[in-house]
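Participant: So that we are looking at the same thing, I have put the structure below in structure tokens.
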Amino acid sequence: MSKNKKFWLTLLSAVICLIHILPFYILITTAFKADDDLSSKWEFPGYWYLDNFINAWNQADLASAFRNNIIVTAVSVALIVLVGSIAAYPLARRQTSWNKFIYALFVSALIVPPLTILVPLYKYMVDIGGMNTYWGIILLHVTFNLPMTIFLYTGFISTIPRELDEASMIDGAGRFTLFYRIILPLLKPITATVIIFTGVAVWNDYQFSVFFLQKPELRTFTVALASFFGSYSNEIGWVAAGSLIGALPMVVTYLFLQRYFISGLSSGAVKG
Amino acid sequence: MQASHAQPVNKGYFRKLVHSGALLNLLYLPALILFIIFIFYPFLKGIQISFTNWDGYNQNYKWIGFSNYARMLGDPDMTTVIKNTVIYGVGSTVFQNVIGLLYALFLNTSIRTRGFVRTVIYLPVIVSALIMGYIWYFFFQYDGGAINDILLLFKDQPANLLGDPKINVWIITFVNTYQYLGIAMVLFLAGLQSIPKDYYEAATIDGAGPLSRFFRVTWPLLAPSFTVSMVLNLIGGLKLFDVIVAMTNSGPGYASASLSSMMYLLYFGREDAGYASTIGVLMFVMISVVSITALILLRRREVAS
């Protein structure tokens, strides 16, 4: 590439980055400005005003929101990995017409958004006492993340040679031992992808949480922020500070694990 | 796998079962049970509720036949809401794929900054859609919004961008595009990197210019990326919810509502669960028809090329 062309391409990438970073810049200036500061959001504060963070933390009770988020996300993701990986094995290896039908049933749920059945789901959760409980929301997260998980695991297991199964069965391993000893350890890379994707989805969820976790002490941070926005709509600084706190854990995780985020998405989707 | 055929019956049914591996099907039972309890059953129940006048709380409600469906056909808000939903779905899909493809082509060149640019563009995917809505609210808000600060340099009145029904739908589409652009970009990058370099070399030797190389080689071979990206974006846009709640709360009135945010207001704001369920059924039909049609058409293109 000529030096001149290189310069323009670098300049172009700088402009693209600036445009994409801009919203986060505005979020930061808004969060750090005092409520009587009427200067433009484009202007950097020039002082460090932390009251927005303190107020957001205390008023929206973000401490307990974070605890709820951690509990719900950790348990959901663990169950998603467990239930999803074991379900994928027979679906990938025993392709009877019945199993093909079951697989199609699971994957078709990818197309159907959970929101379309929110009303009956709500009624149903009231009936079984799952409203405002950890187990209620966790089971919902697990169920609605299973289609993607089963899709990813089944695709991945299909790429593991069958000869491996046959060889170890000749050595006398039962099918369950085989799954546990041979297949499961091979699933590590796809499990990393599943953990990242479902973890982000559950952590950031708003639609389920706002319906099924309405008790203040069970709120996750998205629900806490939303309630906050409604009742203190003038306190833009608080909402900005709360949003910044809420977005930070995922952003930091992403910066450390971005290689897995991106390779998981591209290998899982395009080659499948 | 099919060893079971050879087994004599007297060896015992159970043993035959174990040998054939049919017992393995037990492994998907937990997933299947969850699926039936939390998706399949509520889905059927939802269809049933759409034929009632249930308010969402009271246990006394009655079967009212197709009244909700008739009401939906005559509902003046429905035209707006369906139009919005289509704009969110189709608009986001077009923008995300066009810009995502341009970014991918740009980042597929050997510039040094590409890793950094990719990180920055993909970053919003990780942030909660609700928070993304709030972040952009700071841009477009009436009083002290970042955009209005610029507009005020030229005008003496701020513009009520989020309150204007002609504009707010497009602002929301834009925010959704900004947030999920990174997914389209990554899918296209993966597609581009799987195209063998020899194809381009062969095309160049045959005298193809950059444009004809793009349309003869890149475009057809990117078909699988397109299929995945288009269908994901379509489903994502058609079910848009969080961003709308954060930016306009469907308002003014239902001016920026999607089917899902309208459903939410009907259930929680207006205690109209029967009707909300009818809209859920419509949304289900709409999203499955659109995405399955898109999937079939795009897959056919893949095979043809």
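The values are calculated or read from the model by the stated rules, or taken from the named source; none is laboratory data. Computed from a predicted model, the values in this text were never measured in an experiment. Here the Cβ positions follow ideal geometry from the backbone for every residue, glycine too, while neighbour counts run over all protein chains shown. The area values use the complete protein model at the heavy-atom level, side chains included, leaving out ligands, DNA and RNA. Shrake-Rupley method; radii C 1.70, N 1.55, O 1.52, S 1.80 Å.
Participant: Under Stokes-Einstein, with the Kirkwood radius over Cα pairs standing in for Rh, what whole-number D in µm²/s applies to segment B:161-252 at 20 °C and 1.002 mPa s? Walk me through the numbers on the way to the answer.
Facilitator: Values: Rh = 15.7 Å.
Value of D from the Cα-based Kirkwood radius: 136 µm²/s.
Participant: HN-Hα J couplings of segment B:269-276 from phi, Karplus 6.51/-1.76/1.60, θ = phi - 60°, integer Hz, Gly and Pro as x?
Facilitator: x, 10, 6, 10, 5, x, 5, 4
Participant: Work out the P(r) tail for segment B:84-206: percent of alpha carbon pairs separated by more than 19 Å, whole number.
Facilitator: On the way: 4500 of 7503 pairs.
I get 60 percent for the Cα pairs in segment B:84-206 exceeding 19 Å.
Participant: If you average 1/r over all unlike Cα pairs in segment A:102-157 and invert the result, what Kirkwood radius do you get in angstrom? Before the final figure, lay out the partial values.
Facilitator: Values: mean 1/r = 0.0806 Å⁻¹.
Mean inverse Cα-Cα distance, inverted, gives 12.4 Å.
Participant: Could you do me a favour and compute the accessible area per residue for the protein assembly as shown, 1.4 Å probe, result in Å²? Display every interim value, and only then the final one.
Facilitator: Values: 26520 Å² over 577 residues.
Here the per-residue accessible area is 46 Å².
Participant: Once the Cα atoms of the protein assembly as shown are picked out, what are the Rg and Dmax in Å?
Facilitator: Gyration radius and largest Cα-Cα distance of the protein assembly as shown: 25.6, 93 Å.
Participant: Can you tell me the length gained on complete extension of the stretch B:Y69 to B:V90, counting 0.36 nm per residue apart and subtracting the Cα distance? Kindly include the intermediate steps, with their values, before the conclusion.
Facilitator: Working: separation 21, 0.36 × 21 = 7.56 nm, distance 2.50 nm.
Between B:Y69 and B:V90, full extension yields 5.1 nm more.
Participant: In the neighborhood of B:R213, defined by Cβ-to-Cβ distances under 11 Å, what is the net charge if each Lys or Arg adds +1 and each Asp or Glu adds -1?
Facilitator: On the way: positive: B:R216; negative: B:E201, B:D206.
Residues close to B:R213 contribute a combined charge of -1.
Participant: Which value in Å does the Kirkwood hydrodynamic radius of chain B take, with 1/r averaged over all unlike C-alpha pairs and then inverted?
Facilitator: 23.3 Å
Participant: Pop a pseudo-label 7 angstrom from the Cα along the beta-carbon direction at both A:E217 and A:Q95 and give the gap in nm to one decimal.
Facilitator: Inter-label distance under the simple model: 5.3 nm.
Participant: To the nearest 100 Å², how much accessible surface do chains A and B cover up together, summed over both, with a 1.4 Å probe? It would help to have the intermediate numbers written out before the result.
Facilitator: Working: alone 16350 and 18380 Å², together 26520 Å².
That pair of chains buries around 8200 Å² in total.
Participant: Rounded if a/c is under 1.5, else prolate if a/b is larger than b/c, else oblate: which is chain A, with a ≥ b ≥ c the root eigenvalues of its Cα gyration tensor? Write out the running numbers ahead of the final one.
Facilitator: Working: a/c = 2.71, a/b = 1.48, b/c = 1.84.
Taking the square roots of the gyration eigenvalues as a ≥ b ≥ c, chain A is oblate.
Participant: Pairing the Cα long axis of helix A:236-270 with the longest principal axis of chain A, what angle in degrees results, from 0 to 90 and rounded to the nearest 10?
Facilitator: Its long axis makes an angle of about 30 degrees.
Participant: A follow-up question, please. Express in % the proportion of alpha carbon pairs of segment A:26-78 at distances exceeding 13 Å.
Facilitator: Values: 894 of 1378 pairs.
That fraction is 65 percent.
Participant: Okay, moving on. Sort segment B:12-106 into rounded, prolate or oblate with this rule: let a ≥ b ≥ c be the square roots of the eigenvalues of the Cα gyration tensor; rounded if a/c is under 1.5, and if a/c is not under 1.5, prolate when a/b is larger than b/c, oblate otherwise. If you can, show how the numbers build up before the last one.
Facilitator: Working: a/c = 4.18, a/b = 1.23, b/c = 3.38.
Note, shape of segment B:12-106 comes out oblate.
Participant: Here's another thing I want to ask about it. For a quick check: with amide H placed at 1.01 Å from N, whose amide H comes under 5 Å from A:S39's, ignoring anything fewer than 5 positions away on the same chain?
Facilitator: none
Participant: Then there's this: Measuring from the lowest to the highest alpha carbon on each principal axis, how far does segment A:1-101 reach, largest first, in angstroms?
Facilitator: So the extents along the principal axes, rounded to whole Å, are 66, 56, 19.
Participant: Along segment A:125-138, what does the Karplus equation 6.51 cos²θ - 1.76 cosθ + 1.60 (θ = phi - 60°) give for ³J(HN,Hα), rounded to whole Hz, x for Gly and Pro?
Facilitator: 5, 4, 4, 8, x, x, 5, 6, 10, 4, 5, x, 5, 5
Participant: Distance between the C-alpha centers of segment A:161-195 and segment B:31-75? Whole Å please.
Facilitator: 43 Å
Participant: Binned at 10 Å from 0, what are the whole-percent values of the Cα-Cα distance distribution for segment B:114-272, short to long?
Facilitator: Spelled out per bin, shortest first, that is 10, 27, 26, 19, 13, 5, 0.
Participant: May I pose another question? On the accessible surface of chain B, probed at 1.4 Å, how many percent belong to carbon and sulfur atoms? Mind dumping the intermediate values first?
Facilitator: Details: 9380 of 14260 Å².
Using a 1.4 Å probe with all protein chains present, chain B comes out at 66 percent carbon and sulfur.
Participant: A further question on this structure: What is the percent carbon and sulfur in the accessible area of segment A:125-240, measuring with a 1.4 Å probe over the protein chains and ignoring ligands? The partial results should precede the final answer.
Facilitator: Values: 3030 of 4800 Å².
Carbon plus sulfur share of accessible area: 63 percent.
Participant: When the chain is fully extended, how far beyond the present Cα-Cα distance does A:W42 get from A:T10, taking 0.36 nm per residue of separation?
Facilitator: Values: separation 32, 0.36 × 32 = 11.52 nm, distance 2.48 nm.
Difference between extended and current length: 9.0 nm.
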